[in-house]
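Data block below; observations after.
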Amino acid sequence: MTLELLLLVAAALFCVGLFGALTQQSIVMLMMGLELMLGGVILAAAAAWHYIAPAAADGQVLIVLAVTAMALEMAVGFAVVTALFRSREVDMTDMAAELKE
Amino acid sequence: MDAAVFWILAVLAVVSGVWVFRFDSMARATFSLLTSLLCVGGLVILLGLDYLGIVIVLMMTIEMAIMAVFMVMYMMNPAGLMPMTMMHNKKGAAVVCGLVFALLAAGILLAPWPARRGKAPADPTMELGMSLMGPQMLTMMTLGLALFATIVATVVLATRRGRYDRLGDDLRARRADDPVRGGVGQ
Amino acid sequence: MAERTPLWAVFVLPALLVAVALVTAGVDAVLAAGARTGRPASLREVAVRAAGPGREVLRQLVQQPRRTRASDVPLARIGAALLPVAAVLAAVVLPLGFRSVSDLPDGIVWFNAMEALAWAAVWLAGWGPNSTLSLIGGYRFLAQGLAYELPHMLAITTAALGAESLRVGEVVDAQAGLWFAVWMPAAFGIYLLSAMAMAFWGPFDQPAGQDVAGGAAAELSGADRVLFLGGRWLLLVVAAAFSVPLFLGGGHGPLLPGWAWTVLKTAAVLAFLVWARRRIPTLRMERYLELAWVVLTPLAIAQALVVAVVVLNR
Amino acid sequence: MVLGDREAEESDWVENLWHAIPAPKARVEVTDPDRTADALDRGLTELAHGQLRGPAETSDHDHGAAAGHGEQPEADEHAEHGGHEADGDHGGHDMHTGHETHDEHDGHDMHRAHDGHDMHGGDEAHGDHDMHGGHDPHGGHHGHAGHDMGGLVDGLPMADRADDRDGLRLDRLHVPLGPALADWPAGLILRMALQGDVVQEVTVETVAVPPSPRPPSWGFRAFWDEPWLRTAAGERVSKGDAARRLCAAHLDSLGRFFAVAGWADMAARTRYVRDRALAGADAAELTPLVRPLIRRAGRSWTLRRLTTGLGVLRTGQARHAGVTGPALVADGDAHSRMLMWLDAVGRSAAACDETETLDLDGAEAIGPRGRVDGPVPPSQALLDVLPGLLEGTEFACARIIVASLDPDPDELAHVPAAGMLHG
């Protein structure tokens, strides 16, 4: 267990999440991709705290931030989906993009 | 011992992360994501941040359980009984992600990481609390404000009925006109 | 406190929990049979009735399992198995007397996180069989979770606040004089409510309610059913037992040794819950949710505020 | 155990139910009331030997046309619950062979008061039979639910969409509820469109009663209405008998109501008292049994909070629909209907020793669910108001509303012959 290894795992999670966020049509699935990316960020922050600067609390604060961001992203995401669904019966990113036109 | 736990959690996190986008069934995808995030929580605990790791486990479990309901609500085919693909521009995304990963990996492996400075405090939880209530107070307040704004914004976005719908135009109705009656009786 | 606990405690813990759960279920069965057919005629009849839950377990294990169409068996299995696992994991921080299997520095948060696993477990068990009634049961538990979790978290935070520690052992030590239940009655009451809600049992049994033919458990059979319903009793026992170190002074008490006090107090709380179950009909969440958010949550916050002020001025 | 006529077996839900019950199991078909004990014994032996055969035919076709509307598959465990009077020698047999080897039902998940249409042969017995419904709306009944479906996957209908009460266009499922479900009026089928657990649309059906070519030899009457129907047919019935039946009928309904409201303890107590009432306990024994029930249910603050505002049925609306029973007098929600029942139980328990002749013009002329001499059976009117009350409610509320009206599909089977009633 080294810093590099942990960061590699974090990077892998981030990229899997990115792939999901880029490919998925459904807004809900896209949010799952974002969650996964944030999971990678959390892991990287924890690794950095542990291996680089454990005396400072900044790494921990970053994790708190990321966890909050996940919760906010979820809440806003579902609110937007509900609003879209109510008005246009749309749950796909493609269709939402068409709405702009 | 730690190394074994690390490898199990790390592999499980990435594999279940991949499976999120391979399952047809929404329930399976959601709970595969939950597995992945729980493993992240486990790794965080392993790194000595007990409190944050447990909080991640707690929050993610609740979050994913609620997410599952929304999944079932809004997806066309939540149980994945009709196999269908929900992807677009798969190839481009794969290339982009591969590139990003290669870049990150190169950066991780090549960067001259600084040596460890200082020692972990005896009680990191206390440290976090002191920091959030002290030097990082601004962060904490911003977070609080953001959470509050989110609550208001999501309710506004998601609901259709305002208080005028519930209590009448002059807000004088004795009992709110709701589709379901609440327990407190107003 | 902080004595090192031997390794065998890890194996004794589940066995002990199962034993307590069986006894509680037996007492409950005796009361239920008493309501159904009048007073028992003899002591032997009482024993037969009390053994009912045990016989039921054996019967389920030998019975042919049922399957529903297009069901997601692995998910339902995971859900059913996760419930007892979550209960046992939560019990890790439970002190018997002044010793627990592992007195984690964040024991209270740990307990809460493990108990939240039940959310996922019940939903999975409800979703898996692909049956309307069990899915309704699964949904109901999430609604119930949203209703009870907020006041519940505030209540256990209040106890932690009173002791100025998240470590269960220190919470017990802080109650050497005055029990928390005495000066945090609102938090204690809310905790007892949520203990039942967490185990979706008694007045909070809507997720596995009679009106949906067993709800989340409706389509489970055989070993899955034993695990799921057994896990529910385990959760109840663990939740009730956790109120002892949190609010009732843990092992503190005159004359008797610490472990005896813990057992006594746990039995008292369980007896109270079993009694309450017989007095109160099922609380439906569409009615309870408003109560939880409009009354209980502000009450819990006010309680936490009072405790915080007291602690600051100590 | 399948009770009733083979003709009615055309409906396939009995088969589905049979398949949903886990082994070890045995199937007993009873069409002749006189041979009930024989059939049960045979079923028991079959279970005890663990033979897994097909349905055991013990029916006697010469005595057929027993006018059972709706067969009731049920467990043999009822001996433990109070069917002793009926089974006589048989009850002991059930008891000691116990649980483990031969329960054909699934234990405690589906207790259900079986309303005794099976005992029409004149038995006074009224067991609280357990019944396992094996309710499997997707698998079991998909054949019925095939209208406006979006296609089939794995033999199951996919959900279609419709607006919900908040204006979201979400998936909905078509689910038939009943005829075999715990604490459900036996034989009633509600076809529901459910969104999550919100009821969108309801249509009412009952298990089809096969038109019998000849009138039943021993006479079929809805069990709970029997005293009134017999009076209408010109027989002499005492007021006490009618009061006893009324008391038991309301206790039976209350038992279902409490069970659905999730108050298992009260449900069990209520059913115990009901069995005592049917077993012929006199007023002096019944009154002290009934009084604590009435006090506890009437005073329960929680129950009031939980059931007010559910299924409000105003007198005007009820009269318009032709409701004549307690639901008309209650003039309100599920809770007020329950209070009516409690009140009637208290009064009739005190009156069940009276020996005067029942007379259909007096105050006691109204049966448990309404006037039996009206143009339509009282339950028909209750069924007519049901869909309007159920739409837009949540599943749990819908169950409580159904239980608070408690229509009895048995009454529908009895079509009053004009000459017989008012001739």
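Computed from the C-beta positions of B:ARG172 and C:GLU45 and an R0 of 56 Å, the FRET efficiency is 0.35 to the nearest 0.05. Residue by residue along A:48-56, Cβ atoms of other protein chains within 10 Å of the local Cβ number 6 on average. Taking the centroid of alpha carbons for each part, region C:270-292 and region B:85-150 are 43 Å apart.
Charge tally for A:MET70 (other residues, Cβ to Cβ under 12 Å; Lys, Arg +1; Asp, Glu -1): -3.
Average partner chain C-beta neighbours within 10 Å, per residue of C:100-106?
The mean count of partner-chain Cβ atoms within 10 Å per residue comes to 3.
The ranking of C:THR266, D:THR203, C:THR157 from fewest to most other beta carbons within 10 Å of each one's beta carbon is D:THR203, C:THR157, C:THR266. Between helix B:2-20 and chain B there is an angle of about 50 degrees, using the helix long axis and the longest principal axis of the Cα atoms.
Other residues whose C-beta falls under 12 angstrom from the C-beta of C:VAL122 contribute a net charge of 0, scoring Lys and Arg +1 and Asp and Glu -1. Calculated FRET efficiency, B:VAL156 to B:ARG22, Cβ-Cβ distance, R0 = 41 Å: about 0.70 to the nearest 0.05.
As a rough guide to protection, the peptides C:222-232, B:91-101, C:194-204 ranked by mean Cβ packing within 10 Å, highest first, stand as C:194-204, C:222-232, B:91-101. Within 10 Å of each Cβ of C:9-21, how many other protein chain Cβ atoms are there on average? Partner Cβ neighbours, averaged per residue: 0. Measuring r between the beta carbons of C:VAL73 and C:VAL12 and using R0 = 45 Å, the FRET efficiency lands at 0.85. Could you work out the local net charge near B:VAL44, counting Lys and Arg as +1, Asp and Glu as -1, over the other residues with Cβ closer than 13 Å to its Cβ? So the surrounding residues net to -2. Residue order for C:ASP106, C:ASP72, fewest other beta carbons within 10 angstrom first, comes to C:ASP72, C:ASP106.
Taking the empirical scaling 2.2 N^0.38 Å for compact globular proteins as reference, region C:162-314 has a Cα radius of gyration ratio of 1.17. Over what distance in Å are the Cα centres of region C:126-191 and region D:322-363 separated? Distance between centres, Cα-based: 45 Å. In terms of other Cβ atoms within 10 Å, D:ILE294, C:ILE136 run from fewest to most in the order D:ILE294, C:ILE136.
Pick out the long, greasy-scoring helices in chain C: whole DSSP H runs spanning 18 Å or more along their own axis by Cα, mean Kyte-Doolittle at least 1.6.
C:9-37, C:73-91, C:297-312
Read-outs: derived from the displayed coordinates by stated rules, not from any lab. The model shown is predicted, which means the values in this text are computed figures rather than measured ones. Note: ideal-geometry Cβ built from the backbone for every residue, glycine included; neighbour counts use all protein chains shown.
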